[in-house]
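A.B. asks: If you scroll down you'll find the structure; I have some questions about it.
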Amino acid sequence: MATDFFAAANRLGQGAEGVVFKARLRGPLGVVMDAAVKHFKGMPQESLARVLREVAIHREIDRALVPDMVHLVGYCTCARAPLLVFQFMDNGNLRHQLEGVYGDFLLEHPRARLSVAIDLANAIAQLHYKGRWPIFHRDVRSTNVLLNSNWRAKLTDLGLAVTIKSEADKRIAPVSYSQGYEDPVYTHTRVLHDKTDVYSFGVVLMELVTMMKVWDPQRRPERSLAELVVNRTRSGNPYTLIRYPDKGGCHSSDVLEKMMHVAVSCCHKDLEQRPTIDQVATDLQDFRSHGSRRKWVVDQSESAPAPDSGCIGWKWELDPDPKPF
C-alpha cells in the first residue's frame, strides 16, 4: 500500500478530523510521486460526508486562478476508509517550522517570513475573489499553512470552508478546533464576513513575527497571542515581542516591525477598520520592495463589538490537466 499500511514512520501530522500520512503513488503512466493522504477519524459515514464535502469545495476552485492552495489530487469514497490525497509539501507545516522542529531557517531569515505571509495572503485573496463564488476558509491557522522545498507557502484544509452564494450562506455557526484564531466579531454575531479570515491571518502573522504560541495556558494574563500583541500595542511597546534573528540580519527589524503593524490592523475589533485580504497582500508585497503605501490602523479602543455507500473507487479528475502518478 502507498502509505505502507499507515505506518507510523509515514505519519506527517494529526488534526481534529484525522491523521495525515506520506504516500508514494504510481500514476497511470507509471510515474511515481510523493503525496499526502488524509485518513479520517470517527464513524465511517461521518468521514465519508467530510470527504465528499471537501471534494465539492475543491471542485469549485479553478486551479489556474488559485495557485497558492494545496490542491486535491485524488480521493477515495470507500465507505469503510474514505481518504483525501493532496500535493506533498516537503517542509511541513508552518507551526512546526516556527517551533524549530526542522531547524531555524525562518528565525534567521525575516524576509522568508515575509514571503510566507505574502503567499498566505494571496491564497486567501484567491479564495475570496478569484472564483465564481467567494469561498471563506474559516480555519486559517499555522498548522494549515504548508511549505514546499523552496519555502513557498500554500494554504490547505477546506474542511470548514463555505461557498458564499447568497447572504444566507454567511449565517453559519462558528466551528473552530484551535483556540486563539477565532474572530471575536464572528463569534459574537455568528455572521461570516470576508474579514473573518483576515483576523485569523493576522494571528498567523503575529506568529511569524513573534514565533510565540497562539494560545498558552501558562501565559498570564494574556493567554491569547492576539490579546497580548494588541495590549502591548496600546501601551506603545509591541516591539519587545518581536523575535529577531539570533545572528542579526540586514533590515530585519524594519521588515518585522512593519509586519507587526499589519498584523494588529488585521485583528482590529472594528470590521470597518480591518483591511481586506487583497489590500493586505498588495501592501505586504509593497513592503518587500518599497515600503508600505497604506497607513495601517493599529489603534485598538477598549470598546468591544456588540457582543452506507459502497466503494465507488478512486477519482483523479479534479485537475483538468491531471498530473500522472
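A.B. asks: Place +1 on the Cβ of every Lys and Arg and -1 on the Cβ of every Asp and Glu in the stretch 94-289, take the dipole about the Cα centre, and give the residue among Leu106, Ala168, Leu127 whose Cα lies farthest towards its positive end.
C.D. replies: So the residue furthest toward the plus end is Ala168.
A.B. asks: Could you calculate the contour length gain from Asn150 to Asp216, that is, 0.36 nm times the residue separation minus the distance between their Cα atoms, to one decimal place in nm? Walk me through the intermediate numbers first.
C.D. replies: Details: separation 66, 0.36 × 66 = 23.76 nm, distance 3.07 nm.
Fully extending the segment from Asn150 to Asp216 adds 20.7 nm.
A.B. asks: When a footprinting reagent is the concern and you count Cβ atoms within 10 Å, what order do Glu182, Glu207 take, fewest first? If you can, show how the numbers build up before the last one.
C.D. replies: Numbers: Glu182 19, Glu207 25.
Lowest to highest Cβ neighbour count: Glu182, Glu207.
A.B. asks: How high is the relative contact order of the stretch 94-289, in percent, with contacts defined as C-alpha pairs under 8 Å that are six or more residues apart? Mind showing how you got there, number by number?
C.D. replies: On the way: 289 pairs, mean separation 50.8, N = 196.
It comes to 26 percent, rounded to a whole number.
A.B. asks: Okay, next question. State to the nearest 20 debye the size of the charge dipole of the stretch 161-295 about its Cα centre, where the only charges are +1 on K and R beta carbons and -1 on D and E beta carbons. Provide the component values of the computation, followed by the final result.
C.D. replies: Working: 20 positive and 18 negative charges, 48 e Å.
About 240 debye.
A.B. asks: Any idea what the dipole of the stretch 20-127 comes to, in debye rounded to 20, about its Cα centre with Lys/Arg Cβ at +1 and Asp/Glu Cβ at -1?
C.D. replies: Details: 13 positive and 11 negative charges, 92 e Å.
Magnitude of the dipole: close to 440 debye.
A.B. asks: Next question, about the same structure. For His261, His188, what ranking results if the residue with the fewest other Cβ atoms within 10 Å of its Cβ goes first? Before the final figure, lay out the partial values.
C.D. replies: Working: His261 19, His188 13.
Exposure proxy ranking, most exposed first: His188, His261.
A.B. asks: Taking R0 as 30 Å, what's the FRET efficiency between Thr240 and Asp104 from their Cβ-Cβ distance, rounded to 0.05? Present the calculation step by step, with values, prior to reporting the outcome.
C.D. replies: On the way: r = 21 Å, r/R0 = 0.69.
Once rounded, the FRET efficiency stands at 0.90.
A.B. asks: Arranged by the count of other C-beta atoms within 10 angstrom, fewest first, what order do Ile118, Ile172, Ile124 take?
C.D. replies: Details: Ile118 21, Ile172 16, Ile124 26.
Least to most surrounded, the residues fall as Ile172, Ile118, Ile124.
A.B. asks: Test of understanding: what is the full-extension gain from Thr187 to Arg80, defined as 0.36 nm times their sequence separation minus their Cα-Cα distance? Can you show the working numbers first?
C.D. replies: On the way: separation 107, 0.36 × 107 = 38.52 nm, distance 3.50 nm.
This chain segment gains 35.0 nm when fully extended.
FYI, it's all coordinate maths here, none of it is from the lab. Just so it is clear, the model here is predicted, and its values are computed rather than measured. Here the Cβ is made from the backbone with ideal geometry for all residues, glycine too, and neighbour counts use every protein chain on show.
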